[in-house]
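Working notes for the structure below.
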Amino acid sequence: MLADLAAELRGALGILAKRDVQVPARFLAGKGGAGGLSSAGGLGSAGGAERAADGRVALGDDCAAIPDGDGYLLLAAEGIWPAFLEGDPRFAGYSAIMVNISDIHAMGGRPIAVVDVVWGTSAGALEPVWEGMVAASRAYGVPIVGGHTSARSPYNALAVAIAGRARRLITSFAARPGDVLVAAIDLRGEMHAEHPFWNASTGVDPARLRGDLEILPALAEAGLCDAGKDISMGGVAGTLLMLLETSGVGAVLDVEAVPRPSGARDPSLARWLLAFPSYGFLLSVRPEAAGEVLAAFARRGIASAAVGSVDGSRRLALEAGGERQTLWDLAAEPLTGLAHEGAR
C-alpha cells in the first residue's frame, strides 16, 4: 500500500512541476538577489528567501526577504494555472490574492498590498476574475494598489505580486535534524469539484481568516518557530520535499498523522497529500517548542499534529502502519535545484 502511495505521489504533476525551477536555478546560481524564483506548479508558489551569510538574498523560499531596518521587506508573486483560470475564473481570482497572502504569513510576515497582471480575451472575461480578487482583498484586508489589465489578449492569464514585512523570519533554510514536523490545516472547508484545492476561505468571517493567519508571525516573533513553508500546489508531500531540499536535510513523514477531513465525500489519502489547502502550513519545530506551537493552532480551531521528524539523510521517507518507503532521494535527484549550499 505504501509503495503504491509513494509511486502515485512521485508521478503527480504538482510535484513534478517543481522541477521547472531548475531552469532559473541554473541561471541564478551564485547570483542571489538577481531575481525571484517561482517554485512552479498549479496555483503558483514561491519566490526568494533569507539573507545568506555573505549578504546575498538566498533563493528558494516562499518570499524574497530583503533586510530592511530592524526587519525584512517581503516580496512574492504567484501565477495562476491556466486550466484553473479557465474553469473557475472567480475562484482563480480569489485564490491569486489568497495564496500570496499565505506566502507572506508563511515567512512570519504581515502583508502590505498587492498588484496584479490580468490578461483577458474580452472585458466580459475579466469580470469574474476581478470579482474574485476584490472579494479576497476585502476578506483579508489587503488592498490591491496597482498593476496591469488588458482585455485585448488572445488568451486569459493572471499573476499577482505582494509586498509585506516581517520582524523575524520563518524560512525554508532552517530545518534541522531532530526537529518535529508540524502540519496545520484548516479542515473547516470542502474540496473543489474539479481541482485539488481545499477551500476553507470563501464565505468565512474575515476576522477569523485574519486571526488564523496571525498565528504565523506570532510564532516567529515569540521565537517558537524559524523554519517552514505554506502548503503549496505540491501538497504536503511536495512542500516537504522543497523544505528538505533548501535546508539540506531529510525527514520521515507519518502519512496517517497528517490532519485530514473524515467525511464520506472527502479525498483519498493520496489526493489529500497532493491537495492545496487554502490554509495549510508545514513547520519544522525544535522539540521543546512543539507543544506550544500545536497549542497556538488549537486555540484557533485549526487542526494540527506532529507528523514526522527531520533527519540528516536528505531523503523523504513515508511511514504508515509500521512500514517505511522512500519517496525521494534529494542527494541523487534534486527537485527544484535550490539545495542548501552545504548540500550541493
### Query
Among the residues of the range 169-190, which ones are surrounded by fewer than 18 Cβ atoms within 10 Å (Cβ to Cβ) and either out of contact with any strand residue (DSSP E or B) (no Cβ under 6 Å at 6 or more places or on another chain) or not in a loop (DSSP other than H, G, I, E, B) (or both)?
ARG176, GLY178, ARG188, GLU190
### Query
Looking at this structure, is ARG168 within 25 Å of MET107 (Cβ to Cβ) and of a type outside the set (Asp, Glu)?
yes
### Cross-chain or 6+ apart pairs with Cβ under 7 Å, the range 14-35 first and under 14 Å from GLY60 (Cβ atoms) and in a helix (DSSP H, G or I), then hydroxyl-bearing (Ser, Thr, Tyr) and at pLDDT 85 or above
LYS18/THR336; VAL21/THR336; GLN22/THR336; ALA25/THR336
### Residue list for the range 204-246, filter: within 22 Å of SER95 (Cα to Cα), hydrophobic (A, V, I, L, M, F, W, C) and touching a helix residue (DSSP H, G or I) at 6+ places or on another chain (Cβ under 7 Å)
LEU209, LEU213, ILE215, LEU216, ILE231, MET233, VAL236, ALA237, MET242
### Task
Could you look through the range 281-322, keep only residues that are surrounded by 13 or more Cβ atoms within 10 Å (Cβ to Cβ) and among the acidic types (Asp, Glu), and pick out the one that is nearest to ALA218 (Cα to Cα)?
GLU292
### Summary
Counted residues in the range 294-331 being assigned to a loop (DSSP other than H, G, I, E, B), farther than 16 Å from ALA257 by Cβ and either in contact with a helix residue (DSSP H, G or I) (Cβ under 7 Å, 6 or more places away or on another chain) or at pLDDT 95 or above (or both) come to 6
### Summary
Just one listed residue, out of ALA222, ALA257, ALA251, is within 20 Å of ALA289 (Cβ to Cβ), surrounded by 21 or more Cβ atoms within 10 Å (Cβ to Cβ) and more than 15 Å from the chain's Cα centre (by Cα), and it is ALA251
### Message
Scan the range 135-143 and tell me whether some residue there is touching a Pro at 6+ places or on another chain (Cβ under 9 Å), of a type in the set (Lys, Arg) and either surrounded by fewer than 21 Cβ atoms within 10 Å (Cβ to Cβ) or farther than 29 Å from ALA218 by Cα (or both).
### Response
yes
### Query
Taking into account only those residues within the range 91-117 that are of a type in the set (A, V, I, L, M) and surrounded by fewer than 24 Cβ atoms within 10 Å (Cβ to Cβ), which is farthest from the chain's Cα centre (by Cα)?
VAL117
### Query
Among the residues of the range 210-221, is there at least one that is in contact with a Leu (Cβ under 7 Å, 6 or more places away or on another chain) and either in contact (Cβ under 8 Å) with a residue 24 or more places away in the chain or within 23 Å of ILE112 (Cβ to Cβ) (or both)?
yes
### Query
For the subset of the range 191-219 comprising residues that are of a type in the set (D, E, K, R) and surrounded by fewer than 18 Cβ atoms within 10 Å (Cβ to Cβ), which member is nearest to ALA106 (Cα to Cα)?
GLU214
### Task
Tell me which of these ARG10 doesn't satisfy, since it passes every other one: (1) at pLDDT 80 or above; (2) more than 24 Å from PRO196 (Cα to Cα); (3) surrounded by fewer than 19 Cβ atoms within 10 Å (Cβ to Cβ); (4) not hydrophobic (A, V, I, L, M, F, W, C).
(2)
### From VAL115, VAL142, VAL129, VAL134, residue being part of a loop (DSSP other than H, G, I, E, B) and not acidic (Asp, Glu)
VAL142
### Task
Kindly list, by first and then second residue, each pair from a residue in the range 115-134 that is modelled with pLDDT of 95 or more to a residue that is acidic (Asp, Glu) and surrounded by 14 or more Cβ atoms within 10 Å (Cβ to Cβ), limited to pairs with Cβ atoms under 7 Å and residues at least 6 apart or on different chains.
MET133/ASP116
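The values are calculated or read from the model by the stated rules, or taken from the named source; none is laboratory data. Everything quoted here is computed from the prediction, not taken from an experiment. So basically every Cβ, Gly included, is an ideal-geometry build from the backbone, and we count neighbours across all protein chains shown.
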